[in-house]
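The values are calculated or read from the model by the stated rules, or taken from the named source; none is laboratory data. It should be emphasised that the depicted structure is a prediction, and the values quoted were computed from it without experimental measurement. Methodologically, a virtual Cβ is constructed for each residue, glycine included, from the backbone with ideal geometry; neighbour enumeration extends over all protein chains shown.
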Amino acid sequence: MTKELWSAMLHPTIDLAGRSSVFAGIERPSITEVLILAEQAQRAGAVAIMITASFGSKVDQHETLRHLEQLHDNVDLDICSTISSLS
C-alpha cells in the first residue's frame, strides 16, 4: 500500500471509529518511513501503532532491536508488534 493510500484510509477510519481506540497498522521497510507514518497516525488520533520489524535481505536481530529502540525513543504512542522473538 502506498503512503498516500495509507493516509487516505487512516483519516476516515479514525472518523468512523468515534470514541473507539484505533491502532494504525504500519508495515514499511525502514525506520524513517515508520516514524513518518507513526507521526501521521498520532496527529490523526490513533492511540497505538501495530508494526513489523524492519525487513529486507540484510536485516538481522541487531537491526530489528535497533528498529524497536528507535520507535520506543521517538514515538509517543503505544506500540504493538508482530515480532515473536528476539532470542
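Just a few scattered comments:
- Inter-residue pairs, beta-carbon under 8 Å, first more than 19 Å from Thr82 (Cα to Cα) and in the range 20-48, second of a type outside the set (A, V, I, L, M) and in a loop (DSSP other than H, G, I, E, B), 6+ apart: Gln42/Asp76
- Test set (1) surrounded by 14 or more Cβ atoms within 10 Å (Cβ to Cβ); (2) in contact with a helix residue (DSSP H, G or I) (Cβ under 6 Å, 6 or more places away or on another chain); (3) at pLDDT below 85 - Leu86 fails condition number: (1)
- Of Gly25, Gly45, all but one fail to be of a type outside the set (Lys, Arg), modelled with pLDDT of 85 or more and on the phi > 0 side of the Ramachandran plot; the exception is Gly45.
- Of note, Met9 does not satisfy the criterion of being surrounded by 15 or more Cβ atoms within 10 Å (Cβ to Cβ) and either modelled with pLDDT of 90 or more or among the charged types (D, E, K, R) (or both).
- Options Ser81, Ser30: the member that is small (Gly, Ala, Ser) and loosely packed, with under 14 Cβ neighbours inside 10 Å: Ser30
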